[in-house]
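Following: one structure in structure tokens, then a few remarks.
The values are calculated or read from the model by the stated rules, or taken from the named source; none is laboratory data. In this text, all values refer to a predicted model and were calculated from it rather than measured experimentally. All Cβ positions, glycine included, derive from the backbone under ideal geometry; neighbour counts span all protein chains shown. Accessible surface areas use protein heavy atoms only, side chains included; no ligands, DNA or RNA. Shrake-Rupley method; radii C 1.70, N 1.55, O 1.52, S 1.80 Å.
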Amino acid sequence: MKIVVCVSHVPDSAAKINIGADEKNIDKNGVSFILNPYDEFALEEALKIKDSIGADVVLVSVGGDEVKETIRKGLAMGADSGILLKTNAYRDSISTAKLIAEEIKLQGANLVFLGKQSIDGDNGVVGQLVAEILGFNSVSVAVSFNLNGDKIVAEREIEGGREVVETSLPAVITAQKGLNDPRYASLKGIMAAKKKVIDEKEVTVSEIGVELIKLKKPAQKQAGKILGKDSSAVPELVRLLKEEAKVI
Amino acid sequence: MDFNLTDQQNDIRKTVRDFAENEVKPLAKQLDESEQFSPELTKKMGELGLFGMYLPEEYGGLGTDTISYIIAVEELARVDGSHAATLAAHNSLGIGPLYYFGTKAQKEKYLPQLTTGDKLWAFGLTEPNAGSDSRGTKTNAVLENGNWIINGSKIFITNGSTDFSLGATVQAITGMNGDRKEYSTIIVENGTPGFKTVTMHKKMMWRASITSELYFDDCKVPEENLLGAVGQGSKIMLSTLDNGRLSIAAMGLGLAQGAYEMALEHAKTRQQFGKPIIKFQTIAFKLADMALKIELGRNLLYKACWLKDSKKQFAKEAAMAKLYCSEIAKEVADEAVQIHGGYGLMKEYDIERFYRDQRLLQIGEGTSEIQRLVISRHIGA
């Protein structure tokens, strides 16, 4: 069986982000990039299937040359091959989903894993859009996954609990933290990745539905207020928490 | 000239850094304090692929180049000296001579066991009265009825007495060549009757790595345990130390890098006189000097590795890199403690451990004085 795992190349969650001069991109200077953490759960789930029943795990990513670094990381973790849909053009979620869906069709995969969202754009919809375009079943925010023949039983995280769902292949699953414990790319994996192929395909981004106008930094946090140093400050603190902060 | 590392070298750095940060760092302080060797972490280092990584695949290695291996040591040393020591000693001193001088049979017997993280190998050179002057070696081996009978002792041997220790290569006098002692190197497996190992305690540094004394009391091993040829001991020792120097240099470089990063972070957050202390030029200049030394050390060390990988002479540069990187480890750790002020003296802060761990580096595998001697000979002095 062939499994496609979609991976994103995103700024390290620990990186300090500044906005670039064009106001539409971040300033990449000094920012290190990583495999999107949610995609690591997605990939691990695919690799677990590969380990237990065998599967051809293909990574698909969209972006410029720099994305190959992230694809290599996935190959080092154990994926079999990678495809880079190469473009430097701006994409919204639907244009990204269209590119990915088309590649999945070409690959003939009937099981697709993605992270529930990429921690850069944070739209969190590409998985479901891909499922819609392909007409696949869709389970989002999965925290447990079980494949038996073409039957899937999964658990989804919902507010305050879990939902157990059943569906069948073909399906698109988006992974949430807790789904599994992603493996390290071993050094052996890194050496083996050297021999694996990254297929680069030039692609054109279709019509954009949502245009990016500009990036803005969040408003600076206000400095804290010291109301007093002993119990006499408590009534005023309670009043402010109630009336100003509205937290109690 | 091309200063770029390959994708693979960069990927190895990232992976080992992740491992060091997530697996080693959280335990390092406690293991140091309780003077505890961690079998679990050792096993994990093996599973990651660190042990014997430069060996060809047929012996269970990964076939990496020297720079990749050195980067791995550097990244471990960036968070903890003890674990870098376990790795560097096993790879350079343990596996090195077996791989470079062993027969096919010896390599096939031992190397695959030494790449998984299940077994460690030690190099027995130093003796109580033979430190810088290795020709003061007293341990001797006599060939009798197809067996070597070994008597003597070794001291300060890394990885000699762990539960994982499979054996050691031992330097011994095997005869006289005129009035010169003839040295040979012999393989001794742990558990051989007459071979006793004792763990040394109360070390100042590298407290989570195992340092051992080895005792040989009529220890009998088969004749074919000879590594290389009779009389080749000095050559094996010198070649092993040339390689070992690269890994000690990597430990110095990594330690300096880790100490520098701690100092930088502390200087940015510590407020005195109403501002972060990094805003004071006296602190900023200290950090600038640290960064400069680290950059120089890295360039020198990577060049020595490049020479080795290019099959060129690298002994002079290896001695220079060992000398320089171990000395800047001292200087950088010292200034990093200074920047931390009183906190730098407390065990709660990792810099305290780094300050102790660096001190071995100017002594082990050839003191700074011996490195200067080696360099001076190479330049014809």
>> Averaged across B:45-53, how many Cβ atoms of other chains sit within 10 Å of each residue's Cβ atom?
In response: 3
>> Could you sort B:D357, B:D217, B:D18, B:D179 by their accessible area in this structure, using a 1.4 Å probe and putting the largest first?
In response: B:D179, B:D217, B:D18, B:D357
>> If I build a Gaussian network model for chain B, linking alpha-carbon pairs within less than 10 angstrom, which residue out of B:N151, B:N225, B:N22 has the largest mean-square fluctuation?
In response: B:N22
> Residues of the protein assembly as shown: accessible area per residue at 1.4 Å, in Å²?
Replying inline: 48
> What residues of the range A:191-209 lose no less than 50 Å² of accessible area with every protein chain in place versus their chain by itself (probe 1.4 Å, heavy atoms only)?
Replying inline: A:M191
> Can you pull the accessible area of B:R356 for me, 1.4 Å probe, Å² to the nearest 10?
Replying inline: 30
>> Below 8 Å, C-alpha to C-alpha, sequence gap of six or more: please give me the relative contact order for chain B in percent.
In response: 17
> Accessible area drop of at least 20 Å² (1.4 Å probe, protein heavy atoms): which residues of the range A:142-187 qualify, relative to the chain alone?
Replying inline: A:Y184, A:A185, A:S186, A:L187
> With axes computed from alpha carbons, what is the tilt in degrees of helix B:39-48 against the longest principal axis of chain B, rounded to the nearest 10 within 0 to 90?
Replying inline: 90
> Counting only residues 5 or more places away or on other chains, whose amide H sits under 5 Å from the amide H of B:S165 once H atoms are built in the peptide plane?
Replying inline: B:L120
>> Tell me the relative contact order for the range A:2-202 as a rounded percent, counting alpha carbon contacts under 8 Å between residues six or more apart.
In response: 26
> What part of the accessible area of the protein assembly as shown, given as a whole %, is carbon or sulfur when the probe is 1.4 angstrom?
Replying inline: 51
>> To the nearest hundred square angstrom, how large is the accessible surface buried between B and A, total for both chains, probe 1.4 angstrom?
In response: 1300
> Roughly what angle does helix B:368-378 make with the longest principal axis of chain B, taking Cα atoms, 0 to 90 degrees, to the nearest 10?
Replying inline: 70
> Ignoring ligands and nucleic acids, what accessible area does A:R162 show with a 1.4 Å probe (Å², nearest 10)?
Replying inline: 140
>> List the residues, sorted by chain then number, that are 5 or more residues from B:E127 or on another chain and whose placed amide H is less than 5 Å from its amide H.
In response: B:I155
> Just how much of A:D230 is accessible, in Å², when a 1.4 Å probe is used and the result is rounded to the nearest 10?
Replying inline: 100
>> Loop only by DSSP, 15 or fewer other Cβ within 10 Å of the Cβ. Give me the trypsin sites (Lys or Arg not before Pro) in the range B:72-162 that pass, ordered by residue number.
In response: B:K138
> For the residue pair B:S132 and A:K177, what label-to-label distance in nm results when each label sits 7 Å from Cα along the Cα-to-beta-carbon direction?
Replying inline: 5.5
> Hey, which lysines would be in cross-link range of B:K275, C-alpha to C-alpha under 29 Å, not counting anything within fewer than 8 residues on its own chain?
Replying inline: A:K16, A:K28, A:K216, A:K217, A:K221, A:K225, A:K229, B:K286, B:K293, B:K330, B:K347
> Quick one: ranking B:T126, B:T269 by accessible area, 1.4 Å probe, largest first, what do you get?
Replying inline: B:T269, B:T126
>> At R0 = 41 Å, how high is the FRET efficiency between B:R180 and A:K195 if r is their beta carbon distance? Nearest 0.05 is fine.
In response: 0.20
>> With a 1.4 Å probe and all protein chains kept in place, how do B:Y100, B:Y183 rank by accessible area, largest first?
In response: B:Y100, B:Y183
> With Rg and the Kirkwood Rh both taken from Cα atoms, where does Rg over Rh land for chain A?
Replying inline: 1.08
> So what is the relative contact order for the range A:109-248, in percent, with contacts set as C-alpha pairs under 8 Å and at least six apart?
Replying inline: 19
> Which FRET efficiency value, to the nearest 0.05, is calculated for B:L292 and B:L373 with the Förster distance at 35 angstrom and r the Cβ-Cβ distance?
Replying inline: 0.85
